[in-house]
Amino acid sequence: MASNWKIPKPGRKIPFVKKSPVGNPITEPSMPTHFRCPISLDLMKDPVTVSTGITYDRQSIETWFELGNQTCPITNNVLKSEELIPNHSLRRMIQDWCVANRSLGIERIPTPRNPVTPIQVSELLSEIASASRRGDRARCRELVAKIKALGRESERNRQCIVSGGAARVLSASFSELAAGYFESSTSGVLEEILSALAACFPLDEEARWHIGSPESLNSLVFILNCGDLAGRLNAVLMLKELVSSLDADRINVVAETDGLIEALVKLVEKPISPQTTKASLVTTFYFVSSSEMTAVKFVEMGLVSLLLEILVDSDKSMCEKALAVLDGVLNCKKGRERASDHSLAVPVLVKKMFRVSDMATGFAVSAMWKLCKNYEQERGEGCLVEALQVGAFQKLLLLLQVGCSGTTKEKASELLKLLNGVRGRGECIETADFKALKRPF
């Protein structure tokens, strides 16, 4: 892919210009031109040489390659390979120049770490696999921590580790260690593996197969209940990654894992961090959407009440996720019963129809429609009357006025017809409330 980047031609030395504390410019010693990256014109911190013999700063030339370019930016010649050779001599010259001018405010560039190579990654992963097969938890944890640290050093390292098959090896090690004799000390290495796996998302099919084994799922439940804060976050992120790629039947199988539903509901009931709560809600959404039987299990754990309490005061992202889960559990009769008996259900749903987001509006209207339409006559009418009393008729009219998506529009229109049928039984909306409307319903 061609790039629109223009590479400046080498020229005279370019002086640093720096301002004094009072704002007056101070001209510093001129920087040798060959200390500057030909692409960014900044001082090179990690000079590397390509096959044409031209030296660039590593970050700049790697960005050049990521854009799809396969040529040398200066010579425009096609490169035989993308191998980057560290230019240690130039880097030391740059460091010496920085030290010589330190009194003038020039900071010495640190010696860069050498990026990890595919061979190093392969050797590390091989050692991890061997240690897990032996059941050597201490050695396995040490190696996983090492590969995790390498991945954190740079995005290039992370990509090298992922492309080297880290997800498959780490997930297999997780499954093997989980299948062995389990004790509390085992959870430490399993949490370390989960932390490393989180940097490898999305997982491939083989990795998901290992994580979806009964032994792995039981270990995930243990970590959800007893792990440290980071461990519980990574465990729920792993569950979300797993169920997001499964069909409904396989999700139901996962839901049968002893204690899993209770652990997820507990994370919603007793939040440890916003990120963990949101991940738990997304994971729960996949479960309650898979089957009515699974949704009933969540309802029996008190999920409806927890969701309504979250919706009373939450940010946009949390609100959208909670509404999505609530809309899902209202597909089952048990969920509708619990919601209609809760004093917050109708007022909260009506309130969330506006001023959150289009997604929240869709879920709120859908949930209200299920509560009023797909329910027993007596309870359904009770919800309709209550909805009238908290201003649902007005909000639905305004929603149709400003426009909404097709499915939401259909449900809003049907709700208005249902509400119109009970308007004489509990309406408390003033005519003035509709003066902003440009057309009648």
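A few comments on the model shown:
- Hey, S289 buried (at least 18 other Cβ atoms within 10 Å of the Cβ) and in contact (Cβ under 8 Å) with a residue 24 or more places away in the chain or not: yes
- Residues of the stretch 306-340 that are open to solvent by 40 Å² or more (accessible area, probe 1.4 Å) and either free of Cβ contacts under 8 Å to residues at least 40 places away in the same chain or out of contact with any Lys or Arg (no Cβ under 6 Å at 6 or more places or on another chain) (or both): E309, V312, D313, D315, K316, N331, K333, K334, E337, R338.
- Test: R91 is among the charged types (D, E, K, R) and touching a strand residue (DSSP E or B) at 6+ places or on another chain (Cβ under 7 Å): yes
- Residue under evaluation T276, criteria (1) open to solvent by 20 Å² or more (accessible area, probe 1.4 Å); (2) under 14 Å from the mean Cα position of the chain (by Cα), criterion not met: (1)
- I74 passes every criterion in (1) β-branched (V, I, T); (2) in contact with a strand residue (DSSP E or B) (Cβ under 7 Å, 6 or more places away or on another chain); (3) in contact (Cβ under 8 Å) with a residue 60 or more places away in the chain apart from (2).
- Flag if N225 is surrounded by fewer than 20 Cβ atoms within 10 Å (Cβ to Cβ) and more than 22 Å from the chain's Cα centre (by Cα): no
- Of all residues assigned to the stretch 346-355, none qualifies as being within 23 Å of the chain's Cα centre (by Cα) and assigned to a loop (DSSP other than H, G, I, E, B).
- Failed item in (1) more than 30 Å from V169 (Cα to Cα); (2) open to solvent by 30 Å² or more (accessible area, probe 1.4 Å); (3) in a helix (DSSP H, G or I), with I61 passing the rest: (2)
- Residues that are open to solvent by less than 50 Å² (accessible area, probe 1.4 Å) and at pLDDT below 90 were ranked within the stretch 362-380; the one that is nearest to V304 (Cα to Cα) is L371.
- For the stretch 346-363, the candidate set comprises residues that are touching a Lys or Arg at 6+ places or on another chain (Cβ under 7 Å) and β-branched (V, I, T); within that set, the residue that is farthest from L415 (Cα to Cα) is V356.
- Filtered residues of the stretch 169-182 (kept if open to solvent by less than 40 Å² (accessible area, probe 1.4 Å) and in a helix (DSSP H, G or I)): V169, L170, S171, A172, S173, F174, S175, L177, A178
- Qualifying residue in the stretch 102-114 (condition: at positive phi and surrounded by fewer than 12 Cβ atoms within 10 Å (Cβ to Cβ)): yes
- Single match in E262, E241 (criterion: part of a helix (DSSP H, G or I), out of contact with any helix residue (DSSP H, G or I) (no Cβ under 7 Å at 6 or more places or on another chain) and open to solvent by less than 70 Å² (accessible area, probe 1.4 Å)): E241
- Subset of the stretch 64-90 (residues that are open to solvent by less than 30 Å² (accessible area, probe 1.4 Å), in a helix (DSSP H, G or I) and either out of contact with any helix residue (DSSP H, G or I) (no Cβ under 9 Å at 6 or more places or on another chain) or closer than 15 Å to N114 by Cα (or both)): W64, F65
- Scope the stretch 196-207; condition open to solvent by 30 Å² or more (accessible area, probe 1.4 Å), touching a helix residue (DSSP H, G or I) at 6+ places or on another chain (Cβ under 6 Å) and in a helix (DSSP H, G or I); matching residues: A198, A199, E206
- Scanning the stretch 279-338 for residues that are not small (G, A, S) and not in a helix (DSSP H, G or I) yields M301, D313, D315, L330, N331, C332.
- Look at the stretch 140-164: where a residue is under 20 Å from V189 (Cα atoms) and a partner is of a type in the set (D, E, K, R), sitting 6+ places away or on another chain with Cβ atoms under 7 Å, you get R141/E192; L143/E127; V144/E192; A145/E192; G151/R158.
- E215 being touching a residue at least 40 places away in the same chain (Cβ under 8 Å), acidic (D, E), open to solvent by 10 Å² or more (accessible area, probe 1.4 Å) and part of a helix (DSSP H, G or I): yes
- Selection from the stretch 131-157 of residues that are of a type in the set (D, E), under 18 Å from S173 (Cα atoms) and modelled with pLDDT under 95: D136
The values are calculated or read from the model by the stated rules, or taken from the named source; none is laboratory data. Being a predicted model, the structure only gives us computed values, none of them experimental. Virtual Cβ from ideal backbone geometry, glycine too; neighbours counted across all protein chains shown. Protein only, heavy atoms only, side chains kept; ligands, DNA and RNA dropped before computing areas. Shrake-Rupley method; radii C 1.70, N 1.55, O 1.52, S 1.80 Å.
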